[in-house]
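One structure below.
Quick note: the coordinates plus some simple rules give every number you see, no bench work behind them. Because the structure is predicted, anything quoted here is derived from the model rather than measured. So basically every Cβ, Gly included, is an ideal-geometry build from the backbone, and we count neighbours across all protein chains shown.
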Amino acid sequence: MNDSVGIGEAAALFGLSPSTLRWWESQGVLAPPERDGGKRVYRELDLRRIGLAYLCCVTGGMPLEAAAVVASGNAGLRAWRRTVRGQVVRIEQQLAELRAAHGYLNHLLRCTTDDMARCSYLDADLVLNTPRGQAYPSSLVAAARAGRSDVKRTDRAENLCASCGRPVLQSTRGRPRKYCSHACQQRAYRARRARPSTTENSLRAPDGAPDDPGMTTTPAPPRSRADVTGRGRQQDRPERTVRPGA
């Protein structure tokens with residue numbers, strides 16, 4: 001066929017290997033071409049699609065699933081434009097990160113200390129650019145002891161220990177902490193245990209009444225429909241005892 005080429009020539013035209021074209025085909029970036037005698041053959045439009053796939057994947061840095069939308073020819077105008085626009089947004093984010101990295105490294109060159117770990121600029125850089133800045137303690141040792149690297153900065157006025165009133169360092173994992181230490185948590189637990197419970201107070205006989213003048217029984221209230229068993233019958237509940245005056 002004079003108007004077509006084989007896979008080796010098609011791949012070499014764009015500096016690719018035949019295995020790359022096969023891979024792109026398996027991932028949906030390229031549609032399967034015609035075959036002649038069991039071998040792939042590529043016509044003019046097929047070669048244009050390979051070139052478009054190259055521009056998307058290699059030049060544009062698109063992931064294969066995005067390049068497939070643009071290069072396969074199966075998507076409409078809105079679909080492939082939306083895909084390209086999404087890639088533009090990702091590249092802009094990467095550019096912002098690269099600019100920030102470029103700026104910081106230039107800032108780092110201001111240090112003239114032989115040992116960078118002893119540079120006076122490092123303290124401020126650690127606070128501004130690493131998770132270390134999310135901890136209250138001023139020294140790194142105190143910060144490491146206070147809450148590991150997952151401690152986040154919280155509002156001191158709103159996150160005070162329920163026992164001693166000191167700031168509580170909150171973790172990004174689990175439930176919010178109420179106490180600044182295990183000791184404060186235990187102290188609060190003992191204080192709650194020392195107080196008489198509301199249930200015990202409500203069951204005590206009124207002043208001047210005998211402690212146990214006799215027990216009276218009242219039937220338990222019927223259960224709701226949600227408590228009915230699978231057989232459609234209510235389970236019997238034992239009568240409960242109530243002291244007079246309760």
Count of the range 1-38 residues which are more than 17 Å from Ala68 (Cα to Cα), touching a residue at least 24 places away in the same chain (Cβ under 8 Å) and not in a helix (DSSP H, G or I): 9
Since Leu108 meets every condition but one in (1) farther than 30 Å from Asp125 by Cα; (2) hydrophobic (A, V, I, L, M, F, W, C); (3) surrounded by 11 or more Cβ atoms within 10 Å (Cβ to Cβ), which condition does it not meet? (1)
Exactly one of Val58, Val89 is surrounded by 11 or more Cβ atoms within 10 Å (Cβ to Cβ) and aliphatic (A, V, I, L, M), and that residue is Val58
Which one of the conditions (1) surrounded by fewer than 15 Cβ atoms within 10 Å (Cβ to Cβ); (2) within 16 Å of Ser72 (Cβ to Cβ) does Ile50 fail to meet, given that it meets all the rest? (1)
